[in-house]
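Quick notes on the structure that follows.
The values are calculated or read from the model by the stated rules, or taken from the named source; none is laboratory data. What you see is a predicted model; the values in this text were computed from it and never measured. A quick note on method: Cβ atoms are made from the backbone with ideal geometry, for glycine too, and the neighbour counts reach across all protein chains shown.
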């Protein structure tokens, strides 16, 4: 009888350990999803900030490939706007690299905007690097823009979502 109780206790203990492992794996998956959700919310908050909106508004009208000299000639507010967008791109790029923000989420949420602004600011960024003697200026923004361009070229996805997914319906 004592042996039976010992075997039963061992079986219950093993089941408890297995249950704990399953629960821990589930908790880790939930935590990762929460991190992804938090990253998405933070990106949206960044895009809704007054500084970002003003920077985007100012720089939307500048030509692609604007130089540091040409941007400075437009006034300090343009250079401030470029720095604001550069810092935003830098932060998002690093978040993608570190796995905090999934590449797919960033690509779908702000990829087009980041690429559009990078086309405008690439020469400016290269000029600032040379002017300041600092090669790492907005390095993560460039890294992310390069990855986004590579994805666009290799995926063949050129149509916007509203044309590509007209039949999509929400899950019920």
From (1) more than 13 Å from the chain's Cα centre (by Cα); (2) assigned to a helix (DSSP H, G or I), pick out the condition that doesn't hold for residue 36. (1)
Of 135, 54, 79, which residue is surrounded by fewer than 14 Cβ atoms within 10 Å (Cβ to Cβ), over 30 Å from residue 29 (Cβ atoms) and without any contact (Cβ under 8 Å) to a residue 40 or more places away in the chain? 135
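Of the residues 137, 118, 143, which is closer than 25 Å to residue 99 by Cα, touching a helix residue (DSSP H, G or I) at 6+ places or on another chain (Cβ under 7 Å) and not in a helix (DSSP H, G or I)? Show your work before the answer.
Working: 118 fails: not in a helix (DSSP H, G or I); 143 fails: not in a helix (DSSP H, G or I).
Selected residue: 137, the only one of 137, 118, 143 that is closer than 25 Å to residue 99 by Cα, touching a helix residue (DSSP H, G or I) at 6+ places or on another chain (Cβ under 7 Å) and not in a helix (DSSP H, G or I).
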Failed condition for residue 66, given (1) part of a helix (DSSP H, G or I); (2) in contact (Cβ under 8 Å) with a residue 24 or more places away in the chain; (3) more than 19 Å from the chain's Cα centre (by Cα); (4) surrounded by 16 or more Cβ atoms within 10 Å (Cβ to Cβ), with all others met? (1)
If I ask for residues that are at pLDDT below 90 and buried (at least 17 other Cβ atoms within 10 Å of the Cβ), which ones from segment 107-124 would you list? 109, 110
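Got a number for residues in segment 98-110 being in a helix (DSSP H, G or I) and in contact (Cβ under 8 Å) with a residue 40 or more places away in the chain? Even if it seems obvious, please write down each step before you answer.
Of the residues in segment 98-110, the ones in a helix (DSSP H, G or I) are 103-110.
Going one step further and asking which of them are in contact (Cβ under 8 Å) with a residue 40 or more places away in the chain, we end up with 103, 105-110.
Number of matching residues: 7.
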In segment 91-106, residues that are surrounded by fewer than 20 Cβ atoms within 10 Å (Cβ to Cβ) and under 21 Å from residue 58 (Cα atoms) total 1
Criterion violated by residue 144 - all others in (1) surrounded by 14 or more Cβ atoms within 10 Å (Cβ to Cβ); (2) closer than 24 Å to residue 33 by Cβ; (3) modelled with pLDDT under 95 satisfied: (3)
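On the given criteria, is residue 80 part of a helix (DSSP H, G or I) and under 21 Å from residue 137 (Cβ atoms)? Quick ask: steps written out before the conclusion?
Working: part of a helix (DSSP H, G or I): yes; under 21 Å from residue 137 (Cβ atoms): yes.
It is true that residue 80 is part of a helix (DSSP H, G or I) and under 21 Å from residue 137 (Cβ atoms).
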Which number in (1) closer than 20 Å to residue 113 by Cα; (2) within 18 Å of the chain's Cα centre (by Cα); (3) surrounded by 10 or more Cβ atoms within 10 Å (Cβ to Cβ) marks the one condition that residue 48 misses? (3)
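For every residue, the table says whether it meets (1) under 13 Å from residue 128 (Cα atoms); (2) in contact (Cβ under 8 Å) with a residue 60 or more places away in the chain; (3) outside any helix (DSSP H, G or I).
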{"position": "59", "(1), (2), (3)": "no, yes, no"}
{"position": "62", "(1), (2), (3)": "no, no, yes"}
{"position": "70", "(1), (2), (3)": "yes, no, no"}
{"position": "91", "(1), (2), (3)": "no, no, no"}
{"position": "95", "(1), (2), (3)": "no, no, no"}
Out of 55, 39, 15, sole residue that is closer than 22 Å to residue 107 by Cα and either touching a strand residue (DSSP E or B) at 6+ places or on another chain (Cβ under 7 Å) or at pLDDT below 75 (or both): 39
Which of the residues belonging to segment 147-160 are exposed (fewer than 11 other Cβ atoms within 10 Å of the Cβ) and assigned to a helix (DSSP H, G or I)? 150, 153, 154, 155
